[in-house]
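See structure below.
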Amino acid sequence: MNGRHPPKSDENPIVREDLRTGLTAEAIKNDILENLVYVQARIPKIATRNDWYMALAYTVRDRLLERWGMAIESLQQSSRAVCYLSAEFLPGPHLGNAILNLGMYEQTKEATARLGLDLDALISHEGEPGLGNGELGRLAACFLDSLATLEIPTIGYGIRYEFGIFDQEIHDGWQREVTDKWLAFGNPWEIVRPEIAYYVPLGGYTETYYDRLGRFRVRWVPERVVKGIAHDTPIPGYHVENVALLRLWKSEACESFDFQAFNEGDYYGAVEDKVASETISKVLYPNDEPIPGKELRLSQQFFFVSCSLQDMIRVHRLGGGVPATFDRRYAVQLNDTHPAIAVAELMRLLVDKQRIDWERAWEITRNTFSYTNHTLLPEALEKWPLPLFRKVLPRHLEIIFEINRRFLEDVRLTYPGDSERLRRLSLIEEADDRYVRMANLAAVGSHAINGVAALHTDLLKETVMRDFYELYPERFLNVTNGVSPRRWMLLCNPGMSGLITDAVGENWVCNSQDSIAGLESFADDGAFREAWRKVKQGNKMELARHISERTGIVVNPESLFDIQVKRIHEYKRQHLNALHIISLYIRLKRTPSLDVPPRTVIFGGKAAPGYARAKLIIKFINSIADVVNIDPDVADRLKVVFFPDFNVKNGQLIYPAADLSEQISTAGKEASGTGNMKFSLNGALTIGTLDGANVEIREAVGPENFLVFGLTAREVTDLKMRGYRPWESYEQNEELREIIDLVRSGFFSRGDRDLFEPLVNELLSRDEYCLLADYPSYLEAQEKAGKAYLVQGQWLRMSILNVARMGGFSSDRSIREYLDHIWKVDSLKASGSRGNGRP
Ligand SMILES: *Cc1c(COP(=O)(O)O)cnc(C)c1O
């Protein structure tokens, strides 16, 4: 090609710029206007910001849809695709991310400017689909981002909840839950596919019969049938043509179904059934609340799993596949046990519907599924009361009994006479009441089982999954979680991203581990440090502005921003952080000359609506804030903020503004954490326990750049074995005693001595999460953090080194591990099944 670029039209028969979906500022501007008039039905003169937002969103979506067609085609042509089954997806606002990934930010900024609009204001106008509680759903979203970017044919399957996670308001220091209205103004990102719909049976009974060939068969006669309708959202990869497909199911009543066949002419009964049908995808269940007994929740799980598997079979058929090769076509990941019923459902579809014999069907099933465990908390392991399970899924219970019978037969051969082990491994818990154990079902029906951080996987093998590990050691592996460097750096921290790109080039966005390490050599560069400081300072000022808007609290952006944002839970120990605040407050009052930096302690997070103690922790934090924030003695030195409604959008503002990241869960309780990664990636230092992925983060960034404290997981276990007596800590530690006595005196509750008694009582009598045991070492680490912050140059150095060494925590790395060790799926790039991005 003798060094000259060929004219564009030679390379691409169709020139992008000529299309409606062109990427020039002018083409974008024209499309915005067109969408405003013809989709949003508004003229510019009276258009509101929401109208403009919608018009812009449709404009970006048009460009996604162009890639969409290709993605669908490659899905059908690819030899193997990843299906990620998850009851939760927490993608965050789409607009900014899509503009970034499509590489059209500059042109869009220009286009909106020509229309007299502010692009950034339109981007921040967008709310978010809160279709998840926290970590688990957020992980699923980061994984889709990485799968799309790595050009893997991917479908994420889940539920289109009409009401996602509640919005949190704070009134008089208490959490108030407000219904999430994410669909109120329509959702420009989804495409409804009424033609992609499946029937999902529920309830009823089973009967046996002999088919025409004289074979024994079982037929499920359901009590009712609901219809699941596909709602599709394209998830763009970064600077590639590929998009992943997020397919969420909405439940509806099925008009066409003959209710009379099983309703015996009971018209009103049938109408009631219809109402019940639509309820299934109505609302997301909050976690940290007891679930057993919630029939709707089980129906939800089965509903989305059944639709998804039926959809996979249909797509497989379209590509000419037969059910017997299902496992070669799909790698299906179960994100926790919520979709574990898929094991029994695929067996039902293969055996009852496709008439494949049991042994072969079981082989297909096991080859298809793999299971990610997300928790070690015994109370969070899903199990369903047998009568309830039978009522909702009578056929599946039979199938599970049969899986269990065959499974236990094998176990008996491996461990003759070990009835205790048999009892523990059984898919059915036989206590006073009987339960179906979903983790056991997932483990038996999967060829791979993974934990989400090295420590978590080790503990999994030693504790909750020990018997399975001994039985199937080859199935277990670890895949440490990761976060998308697109959303959690490039999008949310443009200033720091710019510095990194200037320093090491732009490869770090997709190939973090190797590229971003180049930043290390800048850690001692004075000018670079200064630029780094300025960026962090700017991020802190931006957060300070929002804090003042949202809470009225004015904070000093020069102070140390000490941040803990995550779900509120006793094991995450927000109240340990609160105890430190009280100690700092008392010390500052007593010793005004204390040589510590000014500190702003910021909290954020939702408590499950039924988790009273977590809600009391929110009140506790706000009550401390009420006292501290108006005390002139500590005016410029200590502030406490509870930032309401922590979600992805607020997270994008908060993580980049942190100096200190609080990752202080009781060791052995947090499976991985991903908040810890987002903070560190954005240049915060971590104060943390050796829990979850903290362990690996500390190894990666170097122990000298990480503030560790507290008991290890083993020490916690040992302490409990020996008999932990928390009141001894109280009696032995004078400062701790003073703090707790102050709380009990009603000092933070306007004289009310009873308000926080449930919290204090738990700490003194049981202290399940070992706050008092860890208190002295936590305080020591906090002192160390304060001292370190006073030496700004050193602090900046540690901050830069944190970022430079966090490349391994990209979700791209996690996904590559799943691909190599579990899914065995090739990238579209590698398989060469498609040209390189030609339209
Ligand atoms: C990252 C994230 C989480 C998980 O935070 P952890 O600190 O790992 O518990 C929860 N919620 C949102 C909105 C997040 O972005």
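Every number in this text was worked out from the coordinates using simple rules, so none of it is lab data. If you're wondering where the values come from, they're calculated on a predicted model, not measured in any experiment. Note that each Cβ is placed from the backbone with ideal geometry, even for glycine, and that neighbours are counted across all protein chains shown.
Numerical summary
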item	result
Calculated FRET efficiency for the pair LYS353/ARG423, C-beta based, R₀ 35 Å, to 0.05	0.55
Under 5 Å, built H, 5+ apart or other chain: amide partners of ARG637	none
In Hz, Karplus ³J(HN,Hα) per residue of the range 144-155 (6.51, -1.76, 1.60; θ = phi - 60°; x = Gly, Pro)	5, 4, 5, 4, 5, 5, 7, 6, 9, x, 9, 10
³J(HN,Hα), Karplus 6.51/-1.76/1.60, whole Hz, each residue of the range 76-87, x for Gly, Pro	6, 8, 5, 7, 7, 10, 9, 10, 9, 8, 8, 5
Residue exposure sequence - LYS619, LYS787 - by fewest surrounding Cβ within 10 Å	LYS787, LYS619
Calculated FRET efficiency for the pair ASP631/GLU549, C-beta based, R₀ 30 Å, to 0.05	0.85
Table column - 3J(HN,Hα) (Hz), the range 160-170, Karplus curve with 6.51, -1.76, 1.60, x for Gly and Pro	8, 5, 6, 10, x, 4, 4, 7, 9, 10, 10
Other-chain or far-sequence residues with amide H under 5 Å of ALA607's (modelled H)	ILE568
Mean ellipticity per residue at 222 nm, deg cm²/dmol - from DSSP H runs of n ≥ 4 across the chain, formula -39500 (n - 2.57)	-14000 deg cm²/dmol
Which of TRP174, TRP362 has the fewest Cβ neighbours within 10 Å, and the rest in rising order	TRP174, TRP362
Nearby aspartates and glutamates by direct alpha-carbon distance to LYS572 (threshold 14 angstrom, same-chain neighbours under 8 apart not counted)	GLU135, ASP288, GLU662, GLU670, ASP691, ASP767, GLU768, ASP774
Long-range HN-HN contacts of THR686 with modeled amide H, under 5 Å	SER661, LEU707
Proximal lysines to LYS824, defined as alpha-carbon separation beneath 26 angstrom and excluding residues fewer than eight positions away on the same chain	LYS461
Range of Cα positions in the chain per principal axis (Å), largest first	92, 77, 56
Taking LEU334, LEU56 and counting other C-beta atoms within 10 Å, the order from fewest to most	LEU334, LEU56
Cross-link table LYS566/LYS787; LYS29/LYS536; LYS181/LYS540; LYS250/LYS829; LYS669/LYS784, entries beyond 28 Å C-alpha to C-alpha	LYS29/LYS536; LYS181/LYS540; LYS250/LYS829
